[in-house]
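Quick note: the coordinates plus some simple rules give every number you see, no bench work behind them. Everything numeric in this text was worked out from a predicted model, so none of it was measured. Cβ placement follows ideal geometry from the backbone for every residue including glycine, while neighbour counts extend to all protein chains displayed.
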Amino acid sequence: MKTLPIRTLTTILLGLTLCLPLMAQRRRDPLTQQEIDKIRDASWEPRQRLPLYLEFARSRLVKLEQVRNDPKTQDRARQTHDLLDDFQLLYDELNDNIDTYVDRRDDIRKPLKLIIDADNEFQAKLRALKEADVTPAESQQYEFVLTNALETVDSSTEDHKKLLADQEEQAKHKKLVTNPTEKVGGNKPE
C-alpha cells in the first residue's frame, strides 16, 4: 500500500480545515425576497420592524401546522425540521433587533406587548408539536431543533416581560427615545 507524503496530507487537511467554515456558513436564508424587502423598507424603526419579524416567525409555524396536518406531505419530518429551523433563526433575529433597540434606548413598549402575546402563542404551538403523537423515528429528525426553539421562546418570554417592565420604568423618567428617526435629524437611519 502506498502512503502519501506528510506534505500532501498536511495540504489536504489544511484545505479541508479552510473549507469547513465556508460550508457551515452556507445556510439558507429563512426570509423570502419579499420579506427581505419589507425588512429593508422598515429601516430601523422598531414599531415597524419588530412586528414584521413576528409575522414572519408566525407564518413559519402556520406553514408547519399545514405540513403536519396534510397526510400527503412528502418527507414531513424534514420539512418540520426546516420550518422549525427557520422559525428559530427568525426568532433569534427578532431578539437581536430587540437588543439593538434597547442599546439605542428606543421606546419599544408597544411592540414588546405584541411580542409577549406572540411568545405565548409560539409556546403553545411548539408544545403541541412536542406532544404530538408521531413515531420516534420521525420525531428524532426534528427533536433537537424543536427543543432549542421551545427553550429559546421560554427564556425569551421572561426576558421580554422584564424588559417591558424596565421600559415602563424608563418611560416614567423620560429616558427613552420615542421617535428614533428624530435623533438623526428627521432622516431614517441607514
Can you list residues whose amide H is under 5 Å from Asp106's amide H, if they're 5+ apart or on another chain and H is modeled 1.01 Å from N?
Val177
Most exposed first by the Cβ proxy, i.e. fewest other Cβ within 10 Å, how do Thr135, Thr147 rank?
Thr135, Thr147
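Whole number please: convex hull volume per residue of the Cα set in region 29-154, in Å³?
Details: hull volume 12.8 nm³, N = 126.
Enclosed volume per residue, from the Cα hull, is 101 Å³.
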Count of lysine pairs in region 33-184 with Cα separation under 14 Å (8 or more residues apart, or interchain)
5
